[in-house]
Amino acid sequence: MSLTKKILIGMGLGILVGLILNGMPIYEPISAYILNPLGTIFINFIKMLVVPIVVISLILGTAGISDPKKLGRLTGKTIGYFLVTTSVALIIAISLATVFKPGIGDYSLEGAEFEGESAPPVVDTLLNIIPTNPLNAMVEGNMLQVIFFSILVGYALARLGDKTEGIKKLVEQANDVLMFLVGLAMKLAPYGAFGLIAVAIGGQGYDAILAMGKYFLLVLLALGIHLFVTYGTAVATLGKMNPITFIKKFSPAMVVAFSTSSSSATLPVSMDKAQKELNVPKSVSGFVQPLGATINMDGTAIMQGVATVFIAQLVGANLGVSEILIVVLTATLASIGTAGVPGVGIIMLSMVLTSVNLPVEAIALVLGVDRLLDMTRTAVNITGDAACAVVVSKSEEKHVTTHHDDTVSV
Ligand code: ASP
């Protein structure tokens, strides 16, 4: 049986067991002794690989681009694509929430309290991008800093050429070792997905979902539209790939994102699928995907867009055109600043709400259903990065004429 099938079965069984155990007293011991450990073993195994994979793949990806012009072009295209798709995601989210008005109902802010850590200012995140100590950045898992350092090292290797052939070879071999370990981690995926999904569904009160039904469904609808229409169109027109094939081949990574709720933890798998199944060259995948898993979060932006309009409707505030533009801008920045780990998107929502003077306590209302939405939006987040990798690699094809600089590692 193929691994994808096994993962899907694990996921299906997880949903079933979660639904059965939901609200039952036996849920606690079963989740503590069986389901949680299954999920944690898998997540830890895969998290163990994240920092080394980001470092090695970015060094290798950038080192494969010997022409500095190409590096500039790739960076421009990637960042441009990220910004455009995140804005489209927000427009979809805000339009749907404005039309379907999820916040008009019997909601009250009375007793609502939200005490999250406050969102770090995005300017600080951007200014901090240069690590004063790269090893420290790796130890702390500060991804933007790790990315910055790795791209520089890769660039140096590319410029120094034959002189650093030995290090390049070493990095290539390290990459093989890591990919082998990803393969091992994936053997655990069906069991991990089962445990993680059963816990997420079993621990979620049905009441919370019913109370927030309209908001919940709207976020799902916006995510679905963005996934199938925006990415589908981008992949078909710019990437010249059948969108159904794209989603089918990339689906194992989506399942891992869905069960882990973490773009970072999914990165090893999503890169593996993009390179082996979607035929994205390593130099493109190794550059676009680690960057995307850290700064490109369309699914998160969608949740923030719907939540902001929902909360505005609930308190009777009117969002005019200028407020909507502010929401698009701050939610785009928030999605750049959101770390690819579970539950950060909802903390960053406070930044968006504050920018248009909406009450941050209202987050307490949407928090109840956030676990399930986090799973779904993370799957969209990483699919957006893979779609970008497909589009960028297609657009780079016409530049590959006499150079075979990036085909070494394909
Ligand atoms: N869990 C999301 C991710 O890792 C981030 C978030 O929206 O909380 O992509």
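The values are calculated or read from the model by the stated rules, or taken from the named source; none is laboratory data. Note that the structure is a prediction, hence the values are computed from the model and not measured. Note: ideal-geometry Cβ built from the backbone for every residue, glycine included; neighbour counts use all protein chains shown.
Picking from E396, E323, which residue would you name as being in a helix (DSSP H, G or I), over 23 Å from S95 (Cβ atoms) and among the acidic types (D, E)? Walk me through it before giving the result.
Numbers: E323 fails: over 23 Å from S95 (Cβ atoms).
Exactly one of E396, E323 is in a helix (DSSP H, G or I), over 23 Å from S95 (Cβ atoms) and among the acidic types (D, E), namely E396.
Which one of these does D385 not meet: (1) of a type in the set (D, E, K, R); (2) in contact with a Lys or Arg (Cβ under 9 Å, 6 or more places away or on another chain); (3) surrounded by 22 or more Cβ atoms within 10 Å (Cβ to Cβ)?
(2)
Please give the number of the condition S322 fails out of (1) without any contact (Cβ under 8 Å) to a residue 24 or more places away in the chain; (2) within 13 Å of the ligand (Cβ to nearest atom); (3) of a type in the set (G, A, S).
Looking at each condition in turn, S322 falls short on (2).
Anything in region 283-307 that is over 26 Å from G192 (Cβ atoms) and more than 14 Å from the ligand (Cβ to nearest atom)? List them, or say none.
S283, V284, F287
I'd like to check something: does region 242-263 contain any residue that is outside any helix (DSSP H, G or I) and of a type in the set (S, T, Y)?
yes
Within region 163-171, can one find any residue that is of a type in the set (A, V, I, L, M, F, W, C), at pLDDT 90 or above, out of contact with any strand residue (DSSP E or B) (no Cβ under 7 Å at 6 or more places or on another chain) and within 18 Å of M271 (Cα to Cα)? Even if it seems obvious, please write down each step before you answer.
Filtering region 163-171 down to residues of a type in the set (A, V, I, L, M, F, W, C) leaves 167, 170-171.
Filter once more, so that each one left must be at pLDDT 90 or above: 167, 170-171.
From the residues that got through so far, the ones that are out of contact with any strand residue (DSSP E or B) (no Cβ under 7 Å at 6 or more places or on another chain) too are 167, 170-171.
Add one more test, that the residue is within 18 Å of M271 (Cα to Cα), and what stays is 171.
The answer is yes; a qualifying residue exists.
Only one of these conditions is not met by S66: (1) within 23 Å of F149 (Cβ to Cβ); (2) in a helix (DSSP H, G or I). Which number is it?
S66 satisfies all of (1) within 23 Å of F149 (Cβ to Cβ); (2) in a helix (DSSP H, G or I) except (2).
Tally up the residues in region 357-375 that are near the ligand (Cβ under 10 Å from one of its atoms) and closer than 26 Å to F246 by Cα, please.
3
Among the residues in region 153-173, are any on the phi > 0 side of the Ramachandran plot and part of a helix (DSSP H, G or I)? Walk me through it before giving the result.
Initial filter on region 153-173 (on the phi > 0 side of the Ramachandran plot): 161.
Applying the additional criterion that residues be part of a helix (DSSP H, G or I) yields 161.
Taking every residue of region 153-173 in turn, at least one turns out to be on the phi > 0 side of the Ramachandran plot and part of a helix (DSSP H, G or I).
Scan L278, L221 and give me the residue that is closer than 30 Å to Q173 by Cβ, at pLDDT 95 or above and more than 16 Å from the ligand (Cβ to nearest atom). Outline the logic, then answer.
Numbers: L221 fails: closer than 30 Å to Q173 by Cβ.
Every option except L278 fails the conditions.
Per-residue answers, yes or no, for (1) over 30 Å from E323 (Cα atoms); (2) in a helix (DSSP H, G or I):
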| site | (1), (2) |
| --- | --- |
| T266 | yes, yes |
| A274 | yes, yes |
| N279 | yes, no |
| V284 | yes, yes |
| Q289 | yes, yes |
| A293 | no, yes |
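Going through region 338-356 one residue at a time, which ones are small (G, A, S) and within 11 Å of the ligand (Cβ to nearest atom)?
Of everything in region 338-356, those that are small (G, A, S) and within 11 Å of the ligand (Cβ to nearest atom) turn out to be A339, G340, G343, G345.
What's the number of the condition E165 fails, among (1) among the acidic types (D, E); (2) touching a Leu at 6+ places or on another chain (Cβ under 8 Å); (3) surrounded by fewer than 15 Cβ atoms within 10 Å (Cβ to Cβ)?
The single condition E165 does not satisfy is (2).
Mind checking whether some residue in region 240-259 is in contact (Cβ under 8 Å) with a residue 60 or more places away in the chain, charged (D, E, K, R) and either farther than 30 Å from G368 by Cα or touching a Phe, Trp or Tyr at 6+ places or on another chain (Cβ under 9 Å) (or both)?
At the first step, the residues of region 240-259 found to be in contact (Cβ under 8 Å) with a residue 60 or more places away in the chain are 240-241, 246-247, 250-259.
With charged (D, E, K, R) added as a condition, the list becomes 240.
Okay, now just the ones that are also either farther than 30 Å from G368 by Cα or touching a Phe, Trp or Tyr at 6+ places or on another chain (Cβ under 9 Å) (or both), so 240.
Yes, region 240-259 contains a residue that is in contact (Cβ under 8 Å) with a residue 60 or more places away in the chain, charged (D, E, K, R) and either farther than 30 Å from G368 by Cα or touching a Phe, Trp or Tyr at 6+ places or on another chain (Cβ under 9 Å) (or both).
Regarding region 198-206, can at least one residue be identified that is farther than 26 Å from N22 by Cβ and part of a helix (DSSP H, G or I)?
Keep residues of region 198-206 that are farther than 26 Å from N22 by Cβ, which gives none.
Among the residues of region 198-206, not one is farther than 26 Å from N22 by Cβ and part of a helix (DSSP H, G or I), which makes the answer no.
Can you name every residue in region 255-269 that is crowded, with 24+ Cβ neighbours inside 10 Å and more than 11 Å from the ligand (Cβ to nearest atom)?
V256, S259, P268, V269, listed by residue number.
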